[in-house]
């Protein structure tokens, strides 16, 4: 061993070849600042030893998963000069690796992402095993590669391919990387090191021209006008159709590769560094990085919870409609068989159709194999008999959202399952504590709130009732994770967390309507400017105006001081006109099928006629006021939930609204939104709307934070 540190070891092999091994003390290799320093020192030792060639590999199942993102936010807050110094240092290290006076071969296993990909690109040759996954996903964090990725990748696989890799942030399996020349060979894992050494021997013996490869990576790109237009103009046009300008990083990738195409490596790296720093300072990057960190925190917390779970093998779902069928499908497709119980055969048929629809959709996109389709369908057992559920370890009740119906079903199911079975209720508004009164063993009961459509929506709220045992919560967190969901534990209250803060948002929307704003204008502003996937009117149509009518009355009864509306409610008016939204094709909008058979919204003059006698005189609100009047009730109610312990942390609140409602990712979530605006500025802005009622009143905790200039 000629060098050893907490991240890297270097040993000399036979025939005077060196072997640099990434082997961090942690669970995975990350390219943090300490690792970069170790790599720099290791390369100096290698240069001193003057081996004939260098093999680079990893002792862990993954090569390098990327940079240490936990360092980013503090680092990006530093002055530009400090950031530039960090990038200069990193690029000096990668340039040193690329310029070693000997050929280099990198053996890639598992993930080589971000800085890991940039490491392998700095080597002369790359050989991967079949587990390798390679990519530069930095645009998903609102930035672009900063350690030479935008310079080297286009010179290895071509500008057009490189732009696609970087702009999409796509992970690429070994075979796909081989086709484009990102790696030179793919072998079985057992052959990776022997074949890498054989490749290195060939380079040492000059059977492979390693020097010319370096020259290509360090020279301008050779593109004619046609190639340049295809690579850059076409890429920009395609991005404009699929990516919001709120996410500038993919567009910046195209600009950087285009500008650097005519430059040598050193000047091209300067273009990359300047663009990296520009993006690092944007609110979008700050938000996306915070989301990544929040997501890791939430998943880590759920994983720790899951370690206390009891074992389970089978699930039972009560209610086989769209929701129940989706839950049964999601359980079965992830390997947990599900018995699906309903009271009529047509309802069971509907649940099975839902599962079949999801499977065929995956099959048509080659995301699932035919045998997986068969196995999943065989794992969903429909039944009309409660006795069929006697062996279920977990029960998910997903019947109609009515407390009396749920109470009857919960009372009945407890008679038919074992004393060890855990029972949950998929309810969106009804108190778990009130439902628990119907059970003999409330300690084995909790809420499990899925979001529709179940296969697509990543969030599950796990609602802890006052009697729910720790083992119950831990087991349901584990089950949700095995279903591929992100569980967040919330305390019991009407609406729990997500719906409790959603309906104040609808309240703000309704008050705007009766103040003279038009719902189409509100939708346009909230979609195009704030960034929601749907404006409030469109979202209400998708939720269902009948569902919203029922839920908002429950919320108003639970929080009468804030959520009982003074004006007539547009949802109630449209509901009474038998307009239920997308489900019956008439709501705020009319819905018509397009050529693909998909229901798309259209303006409907009848809506104006129905609402005209209830709306105030038309008034043009500024876009800032529309955003504030809709968003303040949601954000302030989120603060109240945090104050009351309904949600445990700002990180969990942000992730819950991102995954449960589609809160705009580039804004991070309600608490990230407050932090980015600055809490003092946020409070000052909110105070302007205090006269609109209690939902706009700022909690005292927030005023305290503002006065002490403390962030959430």
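No value in this document is a laboratory result; all are computed from the given coordinates. Here the structure is a predicted model, which is why all the values come from computation and not from measurement. For neighbour counting, all protein chains shown are included, and Cβ atoms are generated from backbone atoms with ideal geometry for every residue, glycine included.
The calculated FRET efficiency for residue 71 paired with residue 188, based on their beta-carbon distance and R0 = 56 Å, is about 0.95. One Cα centroid belongs to the stretch 46-73, the other to the stretch 617-682; the line between them spans 41 Å. Dividing the mean sequence gap of close Cα pairs (under 8 Å, 6+ apart) by how many residues the chain holds gives a relative contact order of 9 percent.
Consider a paramagnetic label point 7 Å from the Cα of residue 1 along Cα→Cβ; state which residues of the stretch 28-47 have an amide N under 20 Å from it. Only 28-30, 34-47 fall inside the zone, counting backbone N under 20 Å.
Share of Cα-Cα pairs in the stretch 3-281 beyond 30 Å, in percent? Result for the distance tail: 25 percent.
Separation of the stretch 364-418 and the stretch 560-589, taken as the distance between their Cα centroids, equals 32 angstrom. An oblate overall shape is assigned to the stretch 21-74, the ratio a/c of its alpha-carbon gyration tensor axes (a ≥ b ≥ c) being 1.5 or greater and a/b not exceeding b/c. Note on 16, 549: ascending count of other Cβ atoms within 10 Å places them as 16, 549, the fewest first. Beta bridges assigned by DSSP with both partners in the stretch 308-493 are antiparallel in approximately 15 percent of cases. In the chain, the DSSP beta bridges split such that about 30 percent are antiparallel, to the nearest 5. Beta bridges assigned by DSSP with both partners in the stretch 3-281 are antiparallel in approximately 35 percent of cases.
The relative contact order of the stretch 3-281, computed from alpha carbon pairs under 8 Å that lie at least 6 residues apart in sequence, is 17 percent. Ranked for footprinting exposure by Cβ neighbours inside 10 Å, fewest first, 553, 57, 691 give 691, 553, 57. Before anything else, pin down the relative contact order of the stretch 423-480: Cα pairs under 8 Å, at least 6 apart, normalised by residue count, whole percent. In percent, rounded to a whole number, it is 33. For the stretch 14-43, the residues whose amide N sits under 19 Å from a probe point set 7 Å from the Cα of residue 50 along the beta carbon direction are 14-19, 43. In this structure, residue 384 and residue 471 have a Cβ-Cβ separation that, at R0 = 35 Å, corresponds to a calculated FRET efficiency of about 0.65.
Peptides 202-213, 170-181, 129-140, 595-606 ranked from most to least packed give 129-140, 170-181, 202-213, 595-606, packing being the mean of other C-beta atoms within 10 angstrom over each peptide's residues.
How big is the gap, in Å, between the Cα center of the stretch 204-246 and the Cα center of the stretch 436-515? So the separation of the two Cα centres works out to 48 Å. Multiplying the residue separation of residue 687 and residue 595 by 0.36 nm and subtracting their alpha-carbon distance yields 28.3 nm. Distance between the pseudo-spin-label points of residue 364 and residue 300 (7 Å out from Cα toward the beta carbon): 4.1 nm.
Placing pseudo-labels 7 Å out from each Cα toward the beta carbon at residue 452 and residue 356 gives an inter-label distance of 2.2 nm.
Working from label points 7 Å from Cα in the Cα-to-Cβ sense, the residue 92 to residue 173 distance is 4.2 nm. A Förster radius of 35 Å, combined with the Cβ-Cβ distance separating residue 521 from residue 292, puts the computed FRET efficiency at roughly 0.55. From the Cα gyration tensor of the stretch 308-493, with a ≥ b ≥ c the square roots of its eigenvalues, which class applies: rounded if a/c is under 1.5, or else prolate if a/b is larger than b/c, or else oblate? Because a/c hits 1.5 or more and a/b exceeds b/c, the stretch 308-493 counts as prolate.
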